[in-house]
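The values are calculated or read from the model by the stated rules, or taken from the named source; none is laboratory data. All of these numbers come straight from a predicted model, not from anything done at the bench. Because the Cβ atoms are built from the backbone with ideal geometry, glycine has one as well, and the counts that use them run over all protein chains shown. Note: accessible area is taken over every heavy atom of the protein model, side chains too, but ligands, DNA and RNA are not part of it. Shrake-Rupley method; radii C 1.70, N 1.55, O 1.52, S 1.80 Å.
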Protein chains: 2
Amino acid sequence: MASIFTKIINGEIPCYKIAESERCFAFLDINPLVKGHTLVIPKQEIDYIFDLPDELLAELHLFSKQVSKAIEKAIPCERIGVSVIGLEVPHAHIHLIPINSVGDINFSKSKLSLSGEELEETAKIIQQNFIA
Amino acid sequence: MASIFTKIINGEIPCYKIAESERCFAFLDINPLVKGHTLVIPKQEIDYIFDLPDELLAELHLFSKQVSKAIEKAIPCERIGVSVIGLEVPHAHIHLIPINSVGDINFSKSKLSLSGEELEETAKIIQQNFIA
């Protein structure tokens, strides 16, 4: 069965898209730790990040760099933190999280509750700052 | 002034080394969240991970994949989690953390206190499983 992320890529489930390349895709986490929390995934459905072929793993991280530069311009923050956990959705994904302190990356924290309008607006500002 | 990590690379400060390549270096975090918690750094002292040139960023992540494969073989765990925060030491570093649950990556948690012998032993087992 296709992962929820594959359904997002295929447009079967809606998302707040940030950017895509031939093999990678970025969209907002709808249960964000902070505003601007973004997920970057390979279009190919591979569960574990370290099972990605070298070339795709490198490409995914370079795409994440481009996305991070856009988030930095859109969201006031110290820098963009990176996290890969991958125990919940069996489709490798990189969390890009605008941070101001070490405690900002803590998946045990309660998530922000943002309205559809806020997510839409956030995605739009990041998109506008994305340079392909 | 050289970062603490540059001093480690240069051998001015001791470390529990895991592996190195021409441009990357891996060693145990001495304040680990869990046993096997490893840091991977570029030898070049660059503060922010997304300021690394593309080629070096890709190389650092591919080196991290190799190191992760070794950690997985050495330390019983579900998979290796990845985290980059970078607000404390101004020298980019990737945390590789053996995890069994989402809560295992939480830098607010108190760190493990391992003896020198335990760290030495852990480094040795990971080293032995490293394939360059």
_Residues satisfying the stated conditions in the stretch A:70-81, i.e. at the interface with chain B (Cβ under 7 Å from one of its Cβ atoms), more than 13 Å from the chain's Cα centre (by Cα) and not in a loop (DSSP other than H, G, I, E, B)_ = A:Arg79
_Looking at the structure I just gave you, is A:Leu62 closer than 24 Å to B:Ile99 by Cα and either among the small types (Gly, Ala, Ser) or at pLDDT 95 or above (or both)?_
no
_Subset of the stretch B:21-42 [buried (at least 17 other Cβ atoms within 10 Å of the Cβ) and either within 19 Å of B:His61 (Cβ to Cβ) or of a type in the set (Asp, Glu) (or both)]_ = B:Cys24, B:Phe25, B:Ala26, B:Phe27, B:Asp29, B:Gly36, B:His37, B:Thr38, B:Leu39, B:Val40, B:Ile41, B:Pro42
*Residue list for the stretch A:57-69, restricted to those being more than 8 Å from every other protein chain (Cβ to nearest Cβ) and either among the aliphatic types (A, V, I, L, M) or over 16 Å from the mean Cα position of the chain (by Cα) (or both)*: A:Leu60, A:Val67
_Any residue at all in the stretch B:101-115 that's touching a Cys at 6+ places or on another chain (Cβ under 9 Å) and closer than 20 Å to B:Glu20 by Cα?_
no
_Of the conditions (1) closer than 21 Å to A:Val67 by Cα; (2) facing chain A (nearest Cβ under 7 Å); (3) crowded, with 16+ Cβ neighbours inside 10 Å, B:Asp54 satisfies every one except a single condition; which number is it?_
(3)
*Enumerate the pairs (first residue in the stretch A:106-132 and in a helix (DSSP H, G or I); second residue anywhere and open to solvent by 40 Å² or more (accessible area, probe 1.4 Å)) with beta-carbon separation below 7 Å, excluding pairs fewer than 6 apart on the same chain, so at least 6 apart or on different chains.*
A:Leu119/A:Tyr16; A:Leu119/A:Ile30; A:Glu120/A:Tyr16; A:Thr122/A:Lys35; A:Ala123/A:Tyr16; A:Ala123/A:Lys17; A:Asn129/A:Lys73
*Specify the residue that is farthest from the other protein chains (Cβ to nearest Cβ); the eligible residues are those in the stretch B:82-105 that are crowded, with 16+ Cβ neighbours inside 10 Å and farther than 22 Å from B:Asp51 by Cα.*
B:Pro98
